[in-house]
Amino acid sequence: MTDLVTGEDGKARCRWGSTDELYRAYHDDEWGRPVTDERGLYEKLCLECLQSGLSWALILRKRDGIREALAGFAPDAVAAFGRSEIESLLNDPRVIRNRRKLEAIVRNAQATVAMRDETPLSQLVWSFRPMPRRAPRAYADMGSLSDESKQLAKELKHRGFAFVGPTTVYSTMQAVGLVNDHLAGCFVREEVEADQRDVQRLFADR
């Protein structure tokens, strides 16, 4: 079975992005497209944290409810959550009711707010973008972590983040466009490459 498939729309895409409508929309419109704003990056870190050990399909199905329960992933709002808010979330069917993960999400919001004056989250995350590499031709060509994800995970932990191991961080890097792991031939890949060049110019001008 090939890891690149052509859909009814005539577009070639990564096989995982053709399995259902939710996956297709996420693959085509979000995964790998650069995210540079603080709230967006914080949200992706939260979702990857929540997904750990679970299916991504579950996270996509619950994402709108999770976003509502977590104040739209606004770091300032989540950073103010205390024990009562955590206990309330543990009884909220909209979210993944895992205490360690929810506590990490609050802690990560606090860390995001704390680092603004020194090195904002977007600046830190994008400073770990690896050099461009050859497009993977199959899933077997991809890893689950990288030297950069190990380094970024270490830096995030140093700044107070939790639940940010190198594998979770690599998944985040894929999701927010630091890494372009769309397969060679996938129609999204070239679009992501163009978007990445725009981001490089954005940070070069700062």
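The values are calculated or read from the model by the stated rules, or taken from the named source; none is laboratory data. Note that the coordinates shown come from a computational prediction; the quantities given were computed from them, not determined experimentally. Ideal geometry is used to build each Cβ from the backbone, glycine not excepted, and the neighbour counts take in all protein chains shown.
Laid out as a table, the results:
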| read-out | value |
| --- | --- |
| Single condition Phe203 does not satisfy, out of (1) under 17 Å from the mean Cα position of the chain (by Cα); (2) farther than 30 Å from Val5 by Cα; (3) of a type outside the set (Asp, Glu); (4) not in a loop (DSSP other than H, G, I, E, B) | (1) |
| Subset of the range 47-62 that is among the polar types (S, T, N, Q) and modelled with pLDDT under 95 - its residue that is nearest to Val169 (Cα to Cα) | Ser52 |
| Hey, Ile86 more than 28 Å from Glu193 (Cα to Cα), in contact with a helix residue (DSSP H, G or I) (Cβ under 6 Å, 6 or more places away or on another chain) and either at pLDDT 95 or above or not in a helix (DSSP H, G or I) (or both) or not | yes |
| Exclusive hit being surrounded by fewer than 21 Cβ atoms within 10 Å (Cβ to Cβ), without any contact (Cβ under 8 Å) to a residue 24 or more places away in the chain and in a helix (DSSP H, G or I), set Ala25, Ala57 | Ala25 |
| Out of Val192, Val188, Val169, sole residue that is closer than 26 Å to Ile105 by Cα, surrounded by 16 or more Cβ atoms within 10 Å (Cβ to Cβ) and either at pLDDT 95 or above or touching a strand residue (DSSP E or B) at 6+ places or on another chain (Cβ under 8 Å) (or both) | Val169 |
| Single match in Gly65, Gly72 (criterion: on the phi > 0 side of the Ramachandran plot, modelled with pLDDT of 95 or more and either in a helix (DSSP H, G or I) or crowded, with 18+ Cβ neighbours inside 10 Å (or both)) | Gly72 |
| Which listed residue is surrounded by fewer than 19 Cβ atoms within 10 Å (Cβ to Cβ) and more than 20 Å from Glu38 (Cα to Cα), from Arg201, Arg100 | Arg100 |
